[in-house]
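Working notes, beginning with the structure itself.
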Amino acid sequence: MPRIERSATVSWEGNVARGEGLITGETGAFAELPFSLPTRLGAVAGKTSPEELLAAAHGGCLSMSLAGELTSAGTPPERLEVNVKIVMDEVPGKGHLVVASEADVVARVPGIDADRFDAVVAAADAGCSFSALIRASASVTVRARLEAT
C-alpha cells in the first residue's frame, strides 16, 4: 500500500469553556463540523467531538480491514455493520485520556462458519492501523457476530 496522507483544518474561537470550533476535511467530504467543550462533555446538540471522529475513523478502518480479510478468505461479505464507541476517562496523574475503543460488528457473510469468522475478525483487527494506534495507549475490544444469511 502506498503512503497515505490526509489532513483536516480546525479553527477555534474563544476560550475552552465557551468557545467553539469547526473541523473541515481537505477532501471536501465534510466541512465545518462544529464542536465545543460543552457538547464534548455533555449533550451533543448536533455537534461532533474528537472522540466521535476517532470512533468513525476506527470503524471505517476496521470495516475495510474486515472486508479485505473476508474477501481474501474467499467469503466476501454481503454487509458489515460496525459500531464503535470511544471511551474517555480521567486517568490519575494524566488527566482525561482515551482509555478504550469498543467495536461491535454484525456481519452477513455467506459460506463462513463461526470459527473461521472469529479468526478472520482477529486478523482484521490486527491489520487495522487505527486498532494499532489506539492500542498504543488504550484497550481495543472487538465483538463480532454473524447475521443469518
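Throughout, read-outs are computed from the coordinates displayed, never taken from laboratory work. What you see is a predicted model; the values in this text were computed from it and never measured. Backbone-built Cβ (ideal geometry, glycine too); neighbour counts: all protein chains shown.
Just need the relative contact order of region 25-107 here, percent rounded to a whole number, with Cα pairs under 8 Å and 6+ apart.
Working: 89 pairs, mean separation 17.8, N = 83.
About 21 percent, as a whole number.
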Cα axis of helix 114-127 to longest principal axis of the chain: angle in degrees, 0 to 90, nearest 10?
40
In order over region 132-149: 3J(HN,Hα) from phi, Karplus 6.51/-1.76/1.60, θ = phi - 60°, whole Hz, x for each Gly or Pro, gives 5, 4, 5, 4, 4, 9, 8, 8, 10, 10, 10, 10, 9, 9, 8, 9, 4, 9
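Considering Cα pairs under 8 angstrom that are at least six residues apart, work out the relative contact order of the chain and quote it in whole percent. Display every interim value, and only then the final one.
Working: 242 pairs, mean separation 26.4, N = 149.
After rounding, I find 18 percent.
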Of the peptides 109-116, 54-61, 34-41, how do they stack up when ordered by the mean number of other Cβ atoms within 10 Å, highest first?
54-61, 34-41, 109-116
Under a 10 Å cutoff between Cα atoms, tell me which one of 121, 106, 91 has the largest fluctuation in the Gaussian network model of the chain.
91
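Note the full-extension length gain between residue 6 and residue 67 as 0.36 nm times their separation in residues minus their Cα-Cα distance, in nm to one decimal.
The residue 6-residue 67 span can extend by a further 19.8 nm.
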Relative to the longest principal Cα axis of the chain, at what angle does helix 50-72 sit, 0 to 90 degrees, rounded to 10?
20
So the FRET efficiency between residue 97 and residue 148, C-beta based with R0 = 35 Å and rounded to 0.05, is 0.35
What size of dipole, in debye to the nearest 20, comes out for region 50-146 about its Cα centre when the only charges are +1 on Lys and Arg C-beta atoms and -1 on Asp and Glu C-beta atoms?
100
Spelling out what I want: for every residue of region 13-24, take phi, set θ = phi - 60°, compute 6.51 cos²θ - 1.76 cosθ + 1.60 (Karplus), and round to whole Hz; glycine and proline get x.
10, x, 7, 5, 6, 10, x, 9, x, 10, 10, 10
